[in-house]
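The values are calculated or read from the model by the stated rules, or taken from the named source; none is laboratory data. It should be emphasised that the depicted structure is a prediction, and the values quoted were computed from it without experimental measurement. Ideal geometry is used to build each Cβ from the backbone, glycine not excepted, and the neighbour counts take in all protein chains shown. Please note that ligands, DNA and RNA were not included when accessible areas were found on the heavy atoms of the full protein model with its side chains. Shrake-Rupley method; radii C 1.70, N 1.55, O 1.52, S 1.80 Å.
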Amino acid sequence: MRFNLFLIFIFFTNFAISQSSKNDSLEIQLKNVVVTAQYIPQSEKNAVYKVKTINSKIIKNKSANNLREVLQQELNIDLSQNSVFGTSVELQGISKENIKILIDGVPVIGRLNGIIDLNQINLANIEKIEIIEGPVSVFYGTDAMGGVINLITKKHINKKLTGILSSSYESINALNINSELGYKRGSYTIILNGGLYRFGGLSTNDAVRNLNWENRNQYFGNITFSKALKKINIRYSGGYSGEKLVSIGEKDKRGKIKDIDYYTRRLNNSIEIKNNFTGNKFYKLTLSFLDYQRYHNAYNVNPETFEKTLSKTDFKDNSLTKFNYGGINAQYGTKNNNHNIGYAIGTDTYFESTEGSRILDKKKSINNVAVFSSINFNLFNSLNIQPALRYTWNSAYGSVISPAFNAKIQLNENNQIRFSYAKGFRAPSLKELYLDFHISAGPITYIISGNEDLKVERSNSFNLNYFFDKNFDRIGNVSIETAVFYNDVNDLIALSEQVNFKRHYINIDRFKSIGGKINLTNRPIENLKLKTGFSLTSIYNKYNEKYGSDKYLTTPEFNGQIDYNLKGIGFNVYYKYSGKRAGFYLDKDSKSLIKTTRNSFNNLDIFLSKAFFSKKLKISLGAKNLFDVKDIETINQVGQAHARDMQLWGRSFIVKISYEL
């Protein structure tokens with residue numbers, strides 16, 4: 001199989017280079033500093049939570065424009081694509097509303113069908129990405145039951161004046177332009193950046209007009225202003241992003257064609273005030289206000305001339321949906337520097353509102369107040385124990401208590417173990433509570449409605465992680481990470497079966513996932529990094545309780561990575577094999593259970609880069625999706641195609657040029 005050949009390639013590359021190179025200049029490993037779910041920024045090695053980091057070097061090496069592109073080859077992460085709602089992410093088998101996406105700890109709002117579109121999250125001002133798998137509800141509340149993805153923005157510059165201009169073109173008719181300007185004077189720092197992304201769209205199916213990968217035009221701009229005082233640091237961050245997505249229709253049964261233009265706008269504002277962590281006390285206050293809106297204009301298309309006229313019933317005023325969010329997060333505590341006990345206490349208060357024609361009474365809101373506390377015991381300089389508790393009151397569903405327990409054991413200089421248990425939760429969304437959607441098809445009107453009596457989804461989750469890291473004389477630095485997890489979710493919110501053309505949200509489903517992974521990383525010489533990993537994720541099959549089918553459905557994954565730099569020339573390879581994925585559905589006619597299987601696929605990207613003029617000018621060339629994967633077929637048990645799953649848009653080539661002052 002292709003992934004076996006890739007594994008062999010990694011092994012022999014490692015062997016050949018390690019035998020032919022001297023190890024006198026082994027790379028000194030700089031420990032990543034992480035901030036997600038931490039008392040204070042600290043090294044990844046010392047963090048009680050296991051935090052996975054994707055740094056700016058990887059983002060640049062992959063020429064990634066958005067969050068979807070940078071996560072494609074990551075292990076234990078599965079991406080799903082919808083032509084209108086965009087790309088959603090799955091961690092440990094848990095997806096959609098249960099994965100919280102943050103920017104500097106502030107949530108990204110505007111879920112559609114439970115999805116935050118990863119294509120809309122631009123990486124131009126992102127310094128690194130931190131990922132925690134498993135519940136982090138104690139720190140981040142609702143929607144963090146499956147994990148968090150926290151994007152950390154660039155906040156500091158090293159020179160008085162900096163500037164970056166970059167542009168890339170991909171052979172799928174995609175153009176990206178980014179610019180950044182930074183200025184530093186004394187204790188003041190200001191960073192401005194902005195850009196655009198244009199994707200002409202393409203089709204991976206046999207449709208005459210429709211592009212299942214729709215045309216996208218995106219614009220964005222960000223500003224960061226910070227001031228360092230004697231004892232505190234103050235930072236303001238503001239951001240704007242807009243998108244126009246063009247959905248081209250096909251002829252329906254009546255011979256009519258409808259095209260729809262979707263418009264999305266985001267405004268993000270946050271102020272952070274924190275002390276400079278001198279002494280053993282710290283505090284941080286974050287104020288945030290977020291605004292999101294989405295609407296569409298539909299056009300009736302003449303099937304002969306293809307001329308468009310704006311629909312009189314389906315346009316902006318009838319389709320506009322708004323979300324607003326205002327939050328206050330405050331935290332105070334002690335650092336655990338050579339002390340046996342540290343603690344943190346905090347509060348997380350926010351309001352959230354939505355309005356639109358599909359919301360009951362056209363406008364609804366909820367208020368949330370939470371307090372949380374965590375204590376860290378450092379015993380024998382080798383054992384960290386951290387119990388935590390969060391109490392949440394919400395105006396829509398009442399009170400929730402969320403406990404958590406984390407422990408880290410430093411066996412010796414090279415070996416450590418982490419264990420965590422958490423009781424996570426997800427509150428019903430505004431849409432699930434207050435949706436009021438009516439759609440007519442001939443004489444029939446279908447109704448999908450919210451349910452104000454919904455209960456909170458609750459989970460019990462366990463994670464166990466072992467990490468080994470050591471420098472060897474002959475083979476360089478070797479690190480091994482193994483992890484296992486178990487998630488059990490109750491009262492999962494889902495749509496009911498249709499009765500009298502009506503459906504509504506109910507607490508009905510139960511979800512479980514269990515699995516594990518192993519990662520192996522080797523740095524045989526200073527300028528070479530080899531990494532490979534394997535994972536298994538098993539998802540509970542709810543139909544087994546009634547139909548006696550398989551209890552768990554297991555999907556394997558394998559990935560590999562090569563980063564090599566020789567005399568200023570960078571060579572990077574990123575690969576992932578996604579194994580077959582089984583599922584079941586009930587046939588409406590026969591009432592029988594049908595098993596389906598999504599076929600496996602491979603995704604391989606290769607990049608080559610070279611820096612010129614004292615590393616101010618950098619040119620990168622890349623080939624993405626070399627196996628030319630497009631839609632993935634899902635086959636039922638009798639060998640017939642059941643569905644096509646959008647995954648990738650086929651092979652493409654990219655060139656990127658960046659210049660730095």
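Taking a Cβ cut-off of under 12 Å around Leu71, the surrounding Lys, Arg, Asp and Glu residues balance to a net charge of 0, with basic ones at +1 and acidic ones at -1. Summing charges over all other residues whose Cβ lies under 11 Å from the Cβ of Lys408, with Lys and Arg as +1 and Asp and Glu as -1, gives +3.
Ordered from largest to smallest accessible area (heavy atoms of protein chains, 1.4 Å probe), the residues His438, His504, His296 come out as His438, His504, His296.
Restricting the GluC sites (Glu not before Pro) of the stretch 185-273 to loop positions (DSSP other than H, G, I, E, B) with no more than 15 neighbouring Cβ atoms within 10 Å leaves Glu250. Each part reduced to its alpha carbon centroid, the stretch 441-470 and the stretch 534-598 end up 19 Å apart. Could you please report the charge total around Ile619, scoring K, R as +1 and D, E as -1 over all other residues with beta-carbon less than 10 angstrom from its beta-carbon? Taking every other residue near Ile619 into account, the sum is +3. Expressed as a whole percent, the accessible area of the chain that falls on carbon and sulfur atoms is 56 (1.4 Å probe).
When only DSSP loop residues count, what trypsin sites (Lys or Arg not before Pro) in the stretch 259-321 have their Cβ near at most 11 other Cβ atoms within 10 Å? Provide the component values of the computation, followed by the final result.
Numbers: sites: Arg265, Arg266, Lys274, Lys281, Lys284, Arg294, Lys308, Lys312, Lys316; in loops: Lys312.
The qualifying sites are Lys312.
Phi-derived couplings, Karplus 6.51 cos²θ - 1.76 cosθ + 1.60 at θ = phi - 60°, listed residue by residue for the stretch 585-594: 8, 8, 6, 5, 7, 8, 6, 9, 8, 10 Hz, with x used for Gly and Pro.
Only loop residues by DSSP count here, and only those with at most 13 other Cβ atoms within 10 Å; note down the trypsin sites (Lys or Arg not before Pro) in the stretch 570-608 that meet that.
Values: sites: Lys576, Lys580, Arg581, Lys588, Lys591, Lys595, Arg598; in loops: Lys580, Lys588, Lys591.
Answer by residue number: Lys588, Lys591.
Tell me, which longest segment in the chain has none of the chymotrypsin sites (Phe, Trp or Tyr not before Pro) that fall in DSSP loops with at most 12 further Cβ atoms within 10 Å? Before the final figure, lay out each step's value.
Details: sites that count: Phe306, Phe380, Phe501, Phe613.
The segment 1-305 is the longest one with no such site.
By definition, a body whose alpha carbon gyration tensor gives a ≥ b ≥ c is rounded when a/c is under 1.5, and the chain falls into this rounded group.
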